[in-house]
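Participant: So that we are looking at the same thing, I have put the structure below in structure tokens.
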Amino acid sequence: MGAFLAGSFEAIGGKAQLHHANDYGDNLQIDFAGEKNSKPVLLLGHFDTVYPLGTLAKMPCHIEENRLHGPGTLDMKSGIALMLYAIEALKAWHKELPRPVTVFLVSDEEVGSSSSRKITEALARESAAVLVLEPAAGTRGAVKTARKGVGDYTLTVQGVAAHAGLDPGKGHSAILELARQILTISKMNDLQHGVSVNPGIIRGGTRTNVIAAEATAEIDVRIKQAKQAAGLDRKFRALKAVDKRCKLTVEGGINRLPMERNAGVAALYKKAQAIAKEIDWKLEEAAVGGGSDGNFTAGIGIPTLDGMGGVGEGAHAVHEHILISELPRRALLLAGMIEQAK
Ligand SMILES: [Zn+2]
């Protein structure tokens with residue numbers, strides 16, 4: 001996919017460069033020269049998806065009325081297509097791009113961006129603004145001006161195994177202890193202030209007749225403000241075993257700090273609104289719970305506008321699709337933002 005996309009962007013005049021990654025696919029950077037020698041705009045996206053190889057057989061790409069269905073259409077191949085068309089149109093209109101544009105497409109966004117994060121941040125630091133081509137929020141096509149921070153924790157309980165029939169008094173059940181801990185963890189939820197904590201996976205024990213020696217929980221956490229990270233982390237680190245013979249180990253932390261709607265984000269949104277208004281389009285904004293690589297770039301203080309990509313429904317689901325009729329004005333908005341974003 002990286003090689004295919006490199007070819008597509010080179011066909012419209014970009015200079016492609018692969019950043020080798022050891023444990024993931026290579027990350028792809030494409031540079032476009034511009035008329036003015038100003039700072040570039042960074043267009044950010046990813047070409048990995050959550051679908052396993054072979055999904056197309058059960059979920060073929062097809063058009064149904066105004067909808068293009070298929071795995072990854074919304075998240076976020078349509079965003080990449082928008083980049084291609086907006087750049088091509090700007091070049092045709094101005095002969096040369098009005099400013100330099102850097103495209104960065106990562107290979108590991110869906111699994112936390114560990115191989116690409118440093119490059120994303122370095123490219124953002126050299127850029128005047130970052131436009132993230134992740135899907136728009138909702139079918140009204142709102143851009144995303146705030147995203148929650150995301151992290152995960154793993155809690156492992158080490159108990160003491162014993163035969164459930166012969167020696168029930170000698171065991172210290174890791175499962176029972178984990179159950180108690182989960183109740184404590186669930187109290188960390190503070191939905192009113194945008195903090196949510198979800199033990200989404202539990203594992204433990206070996207057989208019904210053995211008091212479990214080990215049990216683990218994997219917990220997804222979301223925060224609304226960067227300053228909530230430390231407090232939440234402290235609560236996880238302070239968990240104490242109720243059964244003193246059980247040992248707790250806490251690993252993990254916040255991976256993506258929230259993208260907060262700061263002055264830089266608000267200014268980009270205002271610009272986008274003005275461009276949309278020229279074609280009588282009332283562009284809305286939204287705050288969402290999911291994180292993206294936009295969290296990284298906003299987190300280091302670079303003005304970032306997210307959700308500039310396709311409009312549709314069902315990201316990561318069997319009914320994933322985009323609305324075809326929305327594509328032209330999204331491309332226009334992106335082209336306008338490349339011209340005017342500062
Ligand atoms: Zn995505």
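The values are calculated or read from the model by the stated rules, or taken from the named source; none is laboratory data. As the structure is a computational prediction, the values presented were derived from the model and not from experiment. Here the Cβ is made from the backbone with ideal geometry for all residues, glycine too, and neighbour counts use every protein chain on show.
Participant: Can you pull out the residues in the range 157-200 that are in contact with a Leu (Cβ under 7 Å, 6 or more places away or on another chain), part of a strand (DSSP E or B) and touching a residue at least 40 places away in the same chain (Cβ under 8 Å)?
Facilitator: Val157
Participant: Any idea which of (1) assigned to a loop (DSSP other than H, G, I, E, B); (2) more than 16 Å from the ligand (Cβ to nearest atom) is the one Ala57 doesn't satisfy?
Facilitator: (1)
Participant: Now, a different point. Restricting to the range 74-92, name every residue that is in contact (Cβ under 8 Å) with a residue 40 or more places away in the chain and more than 15 Å from the ligand (Cβ to nearest atom).
Facilitator: Selection gives Leu84, Tyr85, Ala86, Ile87, Glu88, Ala89, Leu90, Lys91.
Participant: Return yes or no: is Thr49 of a type outside the set (A, V, I, L, M), within 16 Å of the ligand (Cβ to nearest atom) and more than 19 Å from Leu333 (Cβ to Cβ)? Working first, answer last.
Facilitator: Values: of a type outside the set (A, V, I, L, M): yes; within 16 Å of the ligand (Cβ to nearest atom): yes; more than 19 Å from Leu333 (Cβ to Cβ): yes.
It is true that Thr49 is of a type outside the set (A, V, I, L, M), within 16 Å of the ligand (Cβ to nearest atom) and more than 19 Å from Leu333 (Cβ to Cβ).
Participant: Give the residue that is surrounded by the fewest Cβ atoms within 10 Å (Cβ to Cβ), with candidates limited to residues of the range 316-342 that are in contact with a strand residue (DSSP E or B) (Cβ under 6 Å, 6 or more places away or on another chain) and part of a helix (DSSP H, G or I).
Facilitator: Taking the range 316-342 and keeping what is in contact with a strand residue (DSSP E or B) (Cβ under 6 Å, 6 or more places away or on another chain), we get 321-324, 337-338, 341.
After this cut, where a residue has to be part of a helix (DSSP H, G or I) as well, the list is 324, 337-338.
Numbers: Ile324: 17, Met337: 21, Ile338: 24.
Taking the candidates together, the pick is Ile324.
Participant: Here's something else I'd like to know. Inspect the range 180-201 for any residue being crowded, with 20+ Cβ neighbours inside 10 Å, within 16 Å of Cys246 (Cα to Cα) and not polar (S, T, N, Q) and give the result as yes or no.
Facilitator: No, every residue in the range 180-201 fails to be crowded, with 20+ Cβ neighbours inside 10 Å, within 16 Å of Cys246 (Cα to Cα) and not polar (S, T, N, Q).
Participant: For the range 14-32, which positions are surrounded by fewer than 22 Cβ atoms within 10 Å (Cβ to Cβ) and either modelled with pLDDT under 95 or within 16 Å of the ligand (Cβ to nearest atom) (or both)?
Facilitator: Scanning the range 14-32 gives Ala21, Asn22, Asp23, Tyr24, Gly25.
Participant: Would you pick out the residues in the range 116-130 that are more than 16 Å from the ligand (Cβ to nearest atom) and surrounded by 15 or more Cβ atoms within 10 Å (Cβ to Cβ)?
Facilitator: At the first step, the residues of the range 116-130 found to be more than 16 Å from the ligand (Cβ to nearest atom) are 118-119, 121-129.
Once the filter is applied, which keeps residues that are more than 16 Å from the ligand (Cβ to nearest atom) and surrounded by 15 or more Cβ atoms within 10 Å (Cβ to Cβ), the range 116-130 yields Ile119, Glu121, Leu123, Ala124, Ser127, Ala128, Ala129.
Participant: Surrounded by fewer than 15 Cβ atoms within 10 Å (Cβ to Cβ) and under 18 Å from Ala212 (Cα atoms): is that true of Lys170 in this structure? Explain how you work it out, then say what you get.
Facilitator: Working: surrounded by fewer than 15 Cβ atoms within 10 Å (Cβ to Cβ): yes; under 18 Å from Ala212 (Cα atoms): yes.
So Lys170 fits the description; yes.
Participant: So which residues in the range 202-241 are under 30 Å from Pro168 (Cβ atoms) and surrounded by fewer than 12 Cβ atoms within 10 Å (Cβ to Cβ), if there are any at all? So that I can check it myself, show each step before the final result.
Facilitator: Kept after step one, since they are under 30 Å from Pro168 (Cβ atoms), are these residues of the range 202-241: 202-219, 239-241.
Of everything in the range 202-241, those that are under 30 Å from Pro168 (Cβ atoms) and surrounded by fewer than 12 Cβ atoms within 10 Å (Cβ to Cβ) turn out to be Thr206, Arg207, Thr208, Asn209, Lys240.
Participant: Continuing with the same structure: Go through Ile175, Ile211 for me and flag whichever is in contact with a His (Cβ under 9 Å, 6 or more places away or on another chain), farther than 25 Å from Gly291 by Cβ and modelled with pLDDT of 95 or more. Can you show your working first?
Facilitator: On the way: Ile175 fails: in contact with a His (Cβ under 9 Å, 6 or more places away or on another chain).
Answer to the selection: Ile211.
Participant: Another question about this same structure. Starting from the range 19-41, take each residue that is within 18 Å of Met83 (Cβ to Cβ) and without any contact (Cβ under 8 Å) to a residue 40 or more places away in the chain and list its partners that are in a loop (DSSP other than H, G, I, E, B) and of a type in the set (D, E, K, R), counting only C-beta distances under 6 angstrom and pairs at least six apart or across chains.
Facilitator: Filtered contacts from the range 19-41: no entries.
Participant: Take Leu105 and tell me if it is of a type in the set (A, V, I, L, M) and either more than 16 Å from the ligand (Cβ to nearest atom) or surrounded by fewer than 18 Cβ atoms within 10 Å (Cβ to Cβ) (or both). Write out each step before concluding.
Facilitator: Numbers: of a type in the set (A, V, I, L, M): yes; either more than 16 Å from the ligand (Cβ to nearest atom) or surrounded by fewer than 18 Cβ atoms within 10 Å (Cβ to Cβ) (or both): no.
So Leu105 does not fit the description; no.
Participant: Name the single residue, out of those in the range 289-309 being modelled with pLDDT of 95 or more and among the β-branched types (Val, Ile, Thr), that is nearest to Ala226 (Cα to Cα).
Facilitator: Within the range 289-309, the match that is nearest to Ala226 (Cα to Cα) is Thr297.
Participant: Also, I was wondering about something else. Here are some residues: Glu218, Glu214. Which one is under 14 Å from Val160 (Cβ atoms) and not hydrophobic (A, V, I, L, M, F, W, C)? It would help to see each step written out before you state the result.
Facilitator: Numbers: Glu218 fails: under 14 Å from Val160 (Cβ atoms).
Answer to the check: Glu214.
Participant: May I ask you to verify whether Asp75 is of a type in the set (Asp, Glu), in a helix (DSSP H, G or I) and modelled with pLDDT of 95 or more? Full working, then the answer.
Facilitator: Values: of a type in the set (Asp, Glu): yes; in a helix (DSSP H, G or I): yes; modelled with pLDDT of 95 or more: yes.
Yes: the conditions hold for Asp75.
Participant: Also, quick follow-up: Looking only at the range 133-154, count every residue that is of a type in the set (S, T, N, Q) and more than 20 Å from Ala298 (Cβ to Cβ) and tell me the total. Working first, answer last.
Facilitator: Step one: list which residues in the range 133-154 are of a type in the set (S, T, N, Q), which gives 139, 145, 154.
If we keep only those that are more than 20 Å from Ala298 (Cβ to Cβ) too, we end up with 139, 154.
Within the range 133-154, residues that are of a type in the set (S, T, N, Q) and more than 20 Å from Ala298 (Cβ to Cβ) number 2.
Participant: In the set Lys244, Lys271, which member is surrounded by 15 or more Cβ atoms within 10 Å (Cβ to Cβ), among the basic types (Lys, Arg) and out of contact with any strand residue (DSSP E or B) (no Cβ under 7 Å at 6 or more places or on another chain)? Write out each step before concluding.
Facilitator: Working: Lys244 fails: surrounded by 15 or more Cβ atoms within 10 Å (Cβ to Cβ).
Testing whether each residue is surrounded by 15 or more Cβ atoms within 10 Å (Cβ to Cβ), among the basic types (Lys, Arg) and out of contact with any strand residue (DSSP E or B) (no Cβ under 7 Å at 6 or more places or on another chain) leaves just Lys271.
Participant: What single numbered condition from (1) at pLDDT 95 or above; (2) crowded, with 19+ Cβ neighbours inside 10 Å; (3) closer than 23 Å to Ser8 by Cα fails to hold for Glu88?
Facilitator: Every condition holds for Glu88 apart from (2).
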